[in-house]
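Please read the structure below before turning to the comments.
The values are calculated or read from the model by the stated rules, or taken from the named source; none is laboratory data. Computed from a predicted structure; not experimentally measured. Please note: Cβ atoms are built from the backbone with ideal geometry, for glycine as well, and neighbour counts cover all protein chains shown. Just so you know, the surface numbers come from the protein's heavy atoms only, side chains and all, with ligands and any DNA or RNA stripped out. Shrake-Rupley method; radii C 1.70, N 1.55, O 1.52, S 1.80 Å.
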Amino acid sequence: MLSKGLSEEDLFSFLSSQKKEDIDHTYILSSMCTLPHPVAVKAHCMFMETNLGDPGLFPGTAALERLLIERFGILLHHKEAGGYATSGGTESNIQALRLAKAVKPVNCPNVVLPKSAHFSFKKACDLLSLEMRTVPTGPDHRMLADIAAEQIDKNTICLVGIAGSTEYGMVDPIEDLAKIAYQHDICLHIDAAFGGMVIPFLEKPIPFDFALPGVTTIAVDPHKMGMSTIPAGVLLTREPDLLDTLNIDTPYLTVKKEFTLAGTRTGAPVAGALAVLDYLGTEGMKAVVCGCMKNTKRLAAGMATLGIAPAATPDVNVATFVCKSSPQPWKVSWTRNGDLRIVCMPHVHRDTIEAFLKDFSDMHA
C-alpha cells in the first residue's frame, strides 16, 4: 500500500540518501552516456510536461522535433531525411528492422549483421521473428563485408553495419556494405548510436552516412556524445515518408495515424538535444570530440608505458586493453573477449585519465 504521505523534507531526505548510492561520474569510465550539458538540462526542464505522442497538443515541441531531425539530416549529408526522436538506440534499431520487414515482406525474413552488433538487435529479431545471421569480424574488429555478402539471400530484408561499435569503438566497412545492399536492393541500417555524434566531427571523418547511396536508415543517440538528457535517440530515414509504412490508426488523438513505437513520448530530451546542437554548433562539437580523442590517445600511451597492450586501435573514443584487472573505485567494463574497456566521454577529463593511470600503476607495482 502507499504511505500516508511524506513531508517534502522527509521525501527529499530519502531521495538524497538514494542518490548518494549512485556512483560519482568521476569514477565512471565504462559508460557511453555522460553528464548532460547545462543547456540540455535547462531546456529539458522547460518541456517536462510535453507529450509528443499527441503532437497536436504541443505544436511548439513538435516543431522542435522536426528541427532536430533536420539538424541531423544536414549533419549526415541528407537535409531532406525523415525520422523522429526515439528513446535511444534500442528503439531505433527495433524500428529500423520493423521498417525493413514492412518494405520487403517475405515468409522467412532474415537480417545480416556483424558479431559486434549491439544486443538490442537480438531483442529486435526476437520481437519481429527475424532470423539473425551473424557475420564474424576480422582481427581489427570490423565486419567482414565479403562474408556478409555471402549470407544474403532472397529472404534477407536488411543488412546492418556499425559506426562506432559498443565494445571496441570500430566503424565497419560501410562503403562496401552500402554497395552490397544497393546491389541486392535491400535496406542497409547503420547503428551509429555512439559514433553518429563523433565521426562527423573527427579531423578525418569516416564515410558512414547518407552520402553513401545504399544507406537506408541511421540510428544516432544524442544522449551519448550529444550530451543531451536521457533518453534521447533519433532514427533517420533516407526517404522522408518511409516511416509512414508503419502507420497505424490513432483515432482519438490530434493526429489520426502514427508510426512510432512508443505512444507517450516526452518532448523534454528532444529540446535538450536540440539545445546542445544549436548552442555548441559544429565548432563546439569538434572541440568536444577532439578533447575526447586526445584523452583516448593519452590513455593508450599511458597504458603502453605500463606494458599494457591495446586490444584494438579504435576509430572513436573507446579504448580497450589486453588486461584482466583494474583498480578500485574505478568503474570499467570488459568486452566479451575479456578485454578491459574504457570510454573517454566528455566527463572523463585529462586529470581523470592521469588519476586512473596512477592508480593502475600502483596496483601493478
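Annotations for the structure displayed:
- Peptides 343-353, 11-21 ranked from most to least packed, by the mean per-residue count of other Cβ atoms within 10 Å: 343-353, 11-21.
- Fraction of antiparallel bridges per DSSP, the stretch 102-236 only, in percent to nearest 5: 25 percent
- Karplus-derived HN-Hα couplings along the stretch 95-102 (A = 6.51, B = -1.76, C = 1.60, θ = phi - 60°), whole Hz, x at Gly and Pro: 5, 4, 6, 4, 5, 4, 5, 6
- Legend: Rg and Dmax of the stretch 251-365, from Cα coordinates, 19.9, 68 Å.
- Euclidean distance between Cα centres, the stretch 192-255 to the stretch 293-345, Å: 28 Å
- Antiparallel bridges, percent of DSSP beta bridges restricted to the stretch 164-323 (to nearest 5): 70 percent
- Close amide H partners of Glu131, meaning residues 5 or more places away or on another chain with modelled amide H under 5 Å apart, are Asn110, Val111.
- ³J(HN,Hα) computed for each position of the stretch 246-257 - Karplus, 6.51 cos²θ - 1.76 cosθ + 1.60, integer Hz, glycine/proline x: 9, 4, 10, 6, 10, x, 9, 8, 6, 10, 9, 9
- Based on protein heavy atoms only, the chain ends up with 47 Å² per residue of surface accessible to a 1.4 Å probe.
- Thr50 long-range amide H proximity, modeled H, under 5 Å: Gly267, Ala268
- Computed E for Lys79/Asp126 - FRET, C-beta separation, R0 22 angstrom, nearest 0.05: 0.05
- Taking the DSSP bridge list for the chain and keeping only pairs wholly inside it, about 55 percent are antiparallel.
- The stretch 181-282: proportion of alpha-carbon pairs further apart than 22 angstrom, %: 43 percent
- Taking 13 Å as the straight-line reach from the Cα of Lys256, the aspartates and glutamates in range (excluding those fewer than 8 positions away in the same chain) are Asp54, Asp244.
- 3J(HN,Hα) along the stretch 327-333, derived from phi through the Karplus expression 6.51 cos²θ - 1.76 cosθ + 1.60 where θ = phi - 60°, amounts to x, 8, x, 5, 9, 10, 9 Hz, with x in place of Gly and Pro.
- Per-q log10 I(q)/I(0), the stretch 138-186, q = 0.24, 0.26, 0.32 Å⁻¹ (Debye; single scatterer per alpha-carbon; no solvent): -0.88, -0.98, -1.26
- Per residue convex hull volume, Cα atoms of the stretch 3-136, in Å³: 237 Å³
- Rounded to the nearest angstrom and listed largest first, the equivalent-ellipsoid semi-axes of the chain from its Cα gyration tensor are 32, 29, 19.
- Under 5 Å from the amide H of Cys187 lie the amide H atoms of Leu159, each residue being 5 or more positions distant or on a separate chain, with H modelled from the backbone and absent for Pro and chain starts.
- Cβ charges +1 (Lys, Arg) and -1 (Asp, Glu), total dipole of the chain, debye: 340 debye
- The distance linking the stretch 140-156 with the stretch 32-52 is 39 Å (Cα centroid to Cα centroid, whole angstrom).
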